1. Scan region B:386-404 for residues that are out of contact with any Phe, Trp or Tyr (no Cβ under 9 Å at 6 or more places or on another chain) and surrounded by 20 or more Cβ atoms within 10 Å (Cβ to Cβ) and report the count.
2. Please specify each residue of region A:263-285 satisfying the condition of being among the hydrophobic types (A, V, I, L, M, F, W, C) and under 16 Å from B:VAL216 (Cα atoms).
3. Which numbered condition trips up A:ARG43, out of (1) within 30 Å of A:ARG461 (Cα to Cα); (2) out of contact with any helix residue (DSSP H, G or I) (no Cβ under 9 Å at 6 or more places or on another chain)?
4. Given (1) touching a His at 6+ places or on another chain (Cβ under 6 Å); (2) assigned to a helix (DSSP H, G or I); (3) of a type in the set (Gly, Ala, Ser), where does B:ALA267 come up short, assuming only one miss?
5. Among the residues of region B:146-164, is any out of contact with any strand residue (DSSP E or B) (no Cβ under 8 Å at 6 or more places or on another chain), more than 14 Å from chain A (Cβ to nearest Cβ) and at pLDDT 95 or above?
6. Looking only at region B:201-214, filter to residues that are of a type outside the set (A, V, I, L, M, F, W, C) and modelled with pLDDT of 95 or more; which one of those is farthest from B:GLY89 (Cα to Cα)?
7. Quick one: count up the residues across region B:193-240 that are of a type in the set (Gly, Ala, Ser) and under 30 Å from B:ARG395 (Cα atoms).
8. Which residue out of B:ALA379, B:ALA403, B:ALA385, B:ALA439 is among the small types (Gly, Ala, Ser) and in contact with a helix residue (DSSP H, G or I) (Cβ under 8 Å, 6 or more places away or on another chain)?
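The values are calculated or read from the model by the stated rules, or taken from the named source; none is laboratory data. No experiment lies behind these values; they were computed from the predicted model shown. Every residue, glycine as well, gets a Cβ built from its backbone with ideal geometry; the counts of neighbours run over all protein chains shown.
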Protein chains: 2
Amino acid sequence: MLDPKVKAYLESHQPAILEQLKSLLRIPSIANVEGGMGGEPCRRAAAWLAEYLEGLGLRAEAAAVPDGPPCVLAFSDQRPDRPTLLLYGHYDVQPPDPLELWQTPPFEPDIREGRIYARGANDDKGQLFAHLAAVEAWQRAGGRLPVNLKLIVEGEEEVGSPHLEAFMTAHAARLSADAAVLSDSEFFAPDLPAITYALRGLVAVELTVEGPAADVHSGVHGGAVRNPINALAAIVAALHDERGRVTIPGFYDEVAPLEDAERRQWAKLPFDERQYARSLGLEELSGGEQGYSLLERRWARPTLDCNGIVGGYTGEGAKTIIAARADTKITMRLVPHQDPQRIIEGLRRFVADHTPPGIRASLTVQSSSRAVIVSRDSAAMRAAAAAYEEGFGRRPAMIRCGASVPVTEVLQRCLHLEAVLMGFGLPDDNLHSPNERFALSQLWGGAVTAASFMQHLAEQRQGEKV
Amino acid sequence: MLDPKVKAYLESHQPAILEQLKSLLRIPSIANVEGGMGGEPCRRAAAWLAEYLEGLGLRAEAAAVPDGPPCVLAFSDQRPDRPTLLLYGHYDVQPPDPLELWQTPPFEPDIREGRIYARGANDDKGQLFAHLAAVEAWQRAGGRLPVNLKLIVEGEEEVGSPHLEAFMTAHAARLSADAAVLSDSEFFAPDLPAITYALRGLVAVELTVEGPAADVHSGVHGGAVRNPINALAAIVAALHDERGRVTIPGFYDEVAPLEDAERRQWAKLPFDERQYARSLGLEELSGGEQGYSLLERRWARPTLDCNGIVGGYTGEGAKTIIAARADTKITMRLVPHQDPQRIIEGLRRFVADHTPPGIRASLTVQSSSRAVIVSRDSAAMRAAAAAYEEGFGRRPAMIRCGASVPVTEVLQRCLHLEAVLMGFGLPDDNLHSPNERFALSQLWGGAVTAASFMQHLAEQRQGEKV
């Protein structure tokens, strides 16, 4: 049972905690601006967090990251007899466009029907705040934190955490811990908590094709000049076959087949495909590969998607040109045990093989990370499962997630830590979309869960010591 | 021989005429703004022209066009014993973007190395001014115009002349004439004048594909949600086969095969494919259908080109979304005797057949016009050929052009006039591109040619009367 004083503090301090979260949400800390430096808002968010954490009695700093926005570090008093927990979060957010689809401005948090709406309300400022509320409650009402807490809150998660590995390697000793936790995932359903034990990896690239030196008249030159937009469309179209499989040679060579046990468990999950489709405004869900269930396609199969495309004239009316160039952004979601470098090389060769005469194509890699899969039965996992029972009254489902959280792979490789992905979000929180939101019931349940998790971790260690 | 007084006037008044042209070029009369209404600059250009033409002794007006920018009309004194010539031009211009590629601003005309640089310098303000200079010379130095002149200068050519047909039909009686001339085409080579006897038609459409109701997370939903950008790329890619042919069923059914005589004449034209490629910044010219010569592909074969494409995130860095929609603008160039309506219906069916489940596609027609082909041996054609000898010292080649000038088809259908396409532009004038230009030698040679054309037309009529 969670310390009653901690629980009582969380219940009685909701308005004040919410005000703090709103202050952080007002900072438009978008990572991919100013050449990836995050700009002034990211620096402001980092400074805000460092000051806030100092106020909770931690030693905190907004540590400089070469060529990137600062990384917030914070440490509680470290006691040798206590387990050390590393908490990760990110203060950067996705760009908010298309702005016109937001009901209230993305950086003016608004509470409606028990939910807080803002860019970052869930991902990840809101979920991070569940843990920060737990820290506050333990420090102010529980005497002190039951664990040695270390915090790292980065500012480049939404652009693939390009500097996190170097930073974590440089600070490996300071960040060493017994367990790691982060909340950047979600419940399986509104009433079914979930721990995510696997995430897909990510390769993000930009593909540019170029033709004539300048835009040329499509009437005068049409039929002579190879059209870069049409050529790009042909390359993109060739990347999938008619069964929805990615056609890059070798793309599936290293894909770990799904365990039968997992497949059976997933089939039992309460998942209404039609309702899921409707929540996205769709009649049919026909993306991905034929021959796999919807959850298998989202969680355990690799994908390739264009995230954006642009070329030629895109204004009002018509302009009769053959454009000089066209660009597309492509992300591939990888599963265990695909190697991002091999996938990138495969795509590079594919593009070269599919570039017609009269067109030059070039590929720029923006980020890459491996998929992650962790043990479903570690001490930290057991502590997390017990904490969910305390916070939400129900044991969590063990699920995978199709998204990428590069830090999990970096934690594994640099600090030898298997992160517990303790999700508090809900599936319809509009992540990366207009009207992103976070249910307050999830925030407060998450805060109790986070506080309980720390206590369970500490008690396990005490038990081991006896 | 052209009246020596007219010729002398043209030689001695070049600076003043050039200043007038520059005044017109300074007006950014782009048609496709304000919902196709052309906006204030188009109204200003029309008013400028009407005032200028009044100053030349013509009765002129900027006539209102319902839902469009005004159309300039002007009339000389009409004498029953003289042939009536209808001169067409357009004062609207293409949008100037990408602005950063212009060496001098597009609406600040600049003269460098014997050329005038500006948007519209050639197309069509500059070419129109060759005729206006001829009118001025005849009125001020030649006593009066040798023909009954009627002028129509529209403001929507670059968006497919959507209101021209209705306007011309409504004013058919006022615009009746014996011959029509326009200069919106070009020399075959810097030293080889050309009369264009055929133009391709144009179908311009916008294709929109829609998927989820809003942009969604490409990690969480990738593999489930059909991606509108990838779907659009697949539709676009399917529109051509591997031999460069358009795959819309029936697309080539009505295409008139090329006459052997034309094919032989074209093969003899002095055309350096490598130099042409280099002028476009290209190594290879592999656009269009296999099995046809370069000129055949540009002049006598239909094409399909995307002029622009946009969807999803196109800003700096990465954004891991599956976009809600994607759009492309497509133009098809038609040849005799393709029917635009049948082509549009074919494309509509093709898109429906190639739209996968989970995607909604819609097609909006922006404009359409048939291809035009006129007699190569009319009285007006003979007058034009003789005029070129006077203006440029060489008989013109008889060529086709891949571009579309919808007015030629409207003139044929509404006024039963076969237009003489008396081009004064040069092939490297950067039409529709940054740094559009017009050689001053072409302007002055064009002015002499236009003046001589009027005289030859009048003399032919006198001959007939004798």
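1. Going through region B:386-404 one residue at a time, the tally reaches 2.
2. Across region A:263-285, the qualifying residues are A:ALA277, A:LEU280, A:LEU282, A:LEU285.
3. (1)
4. Unmet condition: (1).
5. Scanning region B:146-164 turns up at least one residue that is out of contact with any strand residue (DSSP E or B) (no Cβ under 8 Å at 6 or more places or on another chain), more than 14 Å from chain A (Cβ to nearest Cβ) and at pLDDT 95 or above.
6. So, considering only residues that are of a type outside the set (A, V, I, L, M, F, W, C) and modelled with pLDDT of 95 or more, the one farthest from B:GLY89 (Cα to Cα) is B:PRO212.
7. Total meeting the criteria: 3.
8. The unique qualifying residue is B:ALA379.
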